[in-house]
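The values are calculated or read from the model by the stated rules, or taken from the named source; none is laboratory data. Since this is a predicted model, take the numbers as computed values, not measurements. No Cβ is skipped: glycine too gets one built from the backbone with ideal geometry, and neighbour counts run over all protein chains shown.
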Amino acid sequence: MNETATASGYNFAYLDEQTKRMIRRAILKAIAIPGYQVPFASREMPMPYGWGTGGVQVTAAVLGPDDTLKVIDQGSDDTTNAVSIRKFFERTAGVKTTTKTTDASVIQTRHRVPEEKLRADQILVYQVPIPEPLRFLEPRETETRQLHALAEYGLMHVKLYEDIARHGRIATTYAYPVEVAGRYVMDPSPVPKFDNPKIGDCAALQLYGAGREKRIYAVPPHTKVKSLDFEDHPFRVQTFREPCALCAAEDVYLDEVVLDDRGGRMFVCSDTDYCEQRRTDGHRGKMLGKVPLGGEAA
Amino acid sequence: MTVHAFTDPVFDAQKVFRAAMNVLSRPGTLVPLEADVRPPAPLSLEIAALALAFADHETPIWLDAALTSVSYVGEYLKFHTGAPITPHPVEAAFALVSEPALCPSLTSFTAGTADYPDRSTTIFVQTDTLRSSRSFTLRGPGISGTAALRADPLPPAFPREWAANRALFPRGVDMLFAADGWIAGLPRSTELSEA
Amino acid sequence: MYVAVKGGEAAIANAHRLLDHERRGDPSVPELSIAQIREQMTLLVDRVMTEGSLYDPDLAALALKQARGDIIEAVFLVRAFRTTLPRFGYSQPMDTDAMFAMRRISAIYKDLPGGQVLGPTFDYTHRLIDFNLAANGEPPTPKESDSALAGMPHVTGLLDQEGLIEREPGAEEGSPVGDLTRDPLDFPAGRDLRLQALARGDEGFILALGYSTQRGFGRTHPFTGEIRVGEVEIEYVPEELGFAVLLGDVVLTECEMINQFKGSASAPPQFTRGYGLAFGRGERKAMAMALVDRALRARELGEDIKAPAQDEEFVLAHCDNLQSTGFVEHLKLPHYVDFQAELELVRRMRAAHAENRMDDEALEAAE
């Protein structure tokens, strides 16, 4: 059998063909049953559990030689784990990589949905730590499986309502549960709830991989995804008081950067590619020019 | 003319998978299937490529009467995929249908369980055309507004059979239709109505 | 001063070079060879093979060298290698009755067919640091036995002759054996999968669970029926030959615990079993595994499930040290997106809280 290899001794994209077939079958089922967590025989990967083994396996099963891969963590291409995963696929699959969202055909992400609107010819692969949205309400798999089978999601509503009773608002800010296509309640992975609206009616296919927990799930393109809420407490995303200090973007998710030990703060785009593109396009934030940008100088 | 499986097993399988993933993600959309295979007749190139890309020793295959009548077909699939051939549609992970008009009722296949709706049959159907003038309207996940399915011929009593399958959701079977080097998908989540 | 985080690639490469440097230690000290680790750190090598579920002493020794002696890191290397190996088939079940034992003891009979063979053991040594070893003291040559070891039937077999112990549960001839590295674990899991998970499981975790059953958290009244350590042959039947061929020997440690059972409506009072098996010399692991195996049979034997060691989901979901360490250590990865979301919420809630207080104080003042 001619199994093409880039890194010597390993198949294209590391996984053997039998494993890829098993993962691909799980992906087809996940697409056919939006939001349902398909069990799969997750393999031991050369990176630790909890560091993206699920996303890496999904990406490895999807990837072809013509793909261009982008990997982000916390919205950034340059966080250490994103660099490490990107390197892994450069080595084992020899695919082109990019930091530009618009140039990528496959984007693997941890904790963010890119700000740029995704297209139909793109695939977004999420790394998922705990795929079960009900896990912290009910630790037993045997119980949560039953609850999903019966579409019995009262527990989740009770939890959210307790928040309102105690805090006056829903106190879940990330990994905010959603209902997919009117049936399954799904954990969108720990993205800030700011990103939830981008998951619904997205032109791109979204795949979710949880390696340690051995689950794959999906949201097909243009699928209705509703963040759980109540009539008197509708779902709301976070808002920021000021625009990005570097590119002046509004309506984006911002990281808070501590500038000194006297309370100095600035807010900058969490999506680094989006921020760079805006600055290239001539947008100017109020701190731009006042601070050296390590990466661009380097 | 000798029969053969994928000439490039790694990349052919990947391309076929991406095509199948795309059509199931976007019900009704036609996607070309590029793979270099030559199966024994009456197994079509498209259905063979799908079986080679997805089946192995973990996935029993069911063959319809026309495919069963030629022993080469079963042998070809067993040799190249390692998949067991089952005479019982209810045991099949994949069902290969070469004559849609004679396809058994969708309820003869397995729809999975309420706990594990993924443990269901995926049916690959060879049709004459995916561009028939007779069209069904599709709605559901993967579709912005509406889409159309123009596969012809379809299994008997199809709109009714499919409505019954849709009513089982999240249980149910999923289907892929093929003709002339193209495929289209119909996942269980899709609602189908006469146009 | 804010510096946009960049240059991650260079930082990672540098960190890994520094790691290699640190691993080597002082270059004036001779480098460890794989053979030295394999021959002189045998119990460590055995543990890495057991939890790595791959019998290859040289590979385990190399992994330990690369991992600077960190067991879990070495297990990780071995497992990641193992997962890429092609699978040709499955060996015949191993016959531990035919073990060439270097150690075999029973705690329930003073003497028994095959005898008590103490073998190389730390038991009964005085744990005094031996400063002679620091001076590279060569040990004296061991005494050789003048009598050859006879057959060693399993102790459980002797009890079985009287019908005092249950038949080996869940071991039907020819029934397929599960493999949790190939199929996702499903609950309730069969005993085959439970034993596989325990065999691969972290020794410390399994040990603590086994210990907890002795302290009342799921008591099973265990006796050590037998522990045996030695070489066992592996046979394989190639499809094209149709008969078994010998692949080689592996060293195994096997422990059979014998536990009390009051009996039930359908079963008369009799002893029950717990089973432990480890690659190489892994007596502590095999004993702890046997205790936990028996505790996990609570549901099957109609016992109340109250303790962690009896809780299949709890034990199987948490016994794998790669899963545990990966997820615990992933907390090192950046979480600033989620933290930002929490920060914003806490600030907002604090502002609302302060406002309410001011309102309350204003009210009080007005009253």
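Being on the phi < 0 side of the Ramachandran plot, surrounded by 12 or more Cβ atoms within 10 Å (Cβ to Cβ) and within 38 Å of the chain's Cα centre (by Cα) is the requirement here; does C:Glu300 meet it? Answer is yes for this residue. Applying the criterion of being part of a loop (DSSP other than H, G, I, E, B) and closer than 19 Å to C:Asp338 by Cα to the residues of the range A:251-276, the residue that is farthest from the other protein chains (Cβ to nearest Cβ) is A:Asp251. Taking the range A:96-113 as the range and being in contact with a Lys or Arg (Cβ under 8 Å, 6 or more places away or on another chain), outside any helix (DSSP H, G or I) and not β-branched (Val, Ile, Thr) as the test, the residues that pass are A:Lys100, A:Ala104, A:Gln108.
Are any of the residues in the range C:57-74 within 28 Å of C:Asp192 (Cβ to Cβ) and surrounded by fewer than 16 Cβ atoms within 10 Å (Cβ to Cβ)?
Restricting attention to the range C:57-74, the residues satisfying the condition of being within 28 Å of C:Asp192 (Cβ to Cβ) are C:57, C:59-60, C:63, C:71-72, C:74.
Now restrict to residues that are surrounded by fewer than 16 Cβ atoms within 10 Å (Cβ to Cβ): none.
No; the residues of the range C:57-74 include none that is within 28 Å of C:Asp192 (Cβ to Cβ) and surrounded by fewer than 16 Cβ atoms within 10 Å (Cβ to Cβ).
Taking the criterion of being more than 8 Å from chain A (Cβ to nearest Cβ) and either within 30 Å of C:Met49 (Cβ to Cβ) or part of a loop (DSSP other than H, G, I, E, B) (or both), the residues of the range C:329-356 that qualify are C:Leu331, C:Lys332. Scanning for something acidic (Asp, Glu), closer than 26 Å to A:Thr101 by Cβ and either out of contact with any helix residue (DSSP H, G or I) (no Cβ under 7 Å at 6 or more places or on another chain) or assigned to a loop (DSSP other than H, G, I, E, B) (or both), does the range A:143-164 turn up at least one residue? There is no residue in the range A:143-164 that is acidic (Asp, Glu), closer than 26 Å to A:Thr101 by Cβ and either out of contact with any helix residue (DSSP H, G or I) (no Cβ under 7 Å at 6 or more places or on another chain) or assigned to a loop (DSSP other than H, G, I, E, B) (or both).
Taken over the range A:40-70, residues that are modelled with pLDDT of 95 or more and within 23 Å of B:Lys15 (Cβ to Cβ) amount to 17. Please indicate, with yes or no, whether at least one residue in the range C:61-78 is aromatic (Phe, Trp, Tyr) and in a helix (DSSP H, G or I). Yes, because at least one residue in the range C:61-78 is aromatic (Phe, Trp, Tyr) and in a helix (DSSP H, G or I). Scanning the range A:204-241 for residues that are without any contact (Cβ under 8 Å) to a residue 40 or more places away in the chain and more than 14 Å from chain B (Cβ to nearest Cβ) yields A:Glu231, A:Asp232, A:Pro234, A:Arg236, A:Thr239, A:Phe240, A:Arg241. Determine, yes or no, whether A:Leu246 is over 30 Å from A:Tyr153 (Cα atoms) and surrounded by 24 or more Cβ atoms within 10 Å (Cβ to Cβ). Yes: the conditions hold for A:Leu246.
Here's a check for you: in the range B:108-151, which residue that is part of a loop (DSSP other than H, G, I, E, B) and basic (Lys, Arg) is farthest from the other protein chains (Cβ to nearest Cβ)? Reasoning before the result, please.
Applying the first criterion (part of a loop (DSSP other than H, G, I, E, B)) to the range B:108-151 yields B:109-110, B:112-119, B:121, B:127-128, B:130-135, B:140-146, B:150-151.
Restricting the remaining residues to those that are basic (Lys, Arg) gives B:119, B:131, B:134, B:150.
Numbers: B:Arg119: 9, B:Arg131: 21, B:Arg134: 24, B:Arg150: 20 Å.
For the range B:108-151, the residue satisfying everything is B:Arg134.
Just one of (1) among the β-branched types (Val, Ile, Thr); (2) surrounded by 21 or more Cβ atoms within 10 Å (Cβ to Cβ); (3) out of contact with any His (no Cβ under 9 Å at 6 or more places or on another chain); (4) under 23 Å from B:Gly185 (Cα atoms) fails for B:Val73. It is (4). Take the residues in the range A:165-200 that are within 12 Å of chain C (Cβ to nearest Cβ) and outside any loop (DSSP other than H, G, I, E, B); name whichever of them is nearest to C:Arg348 (Cα to Cα). It comes out as A:His167. Would you say C:Leu252 is at negative phi, touching a strand residue (DSSP E or B) at 6+ places or on another chain (Cβ under 8 Å) and part of a loop (DSSP other than H, G, I, E, B)? So C:Leu252 fails the test.
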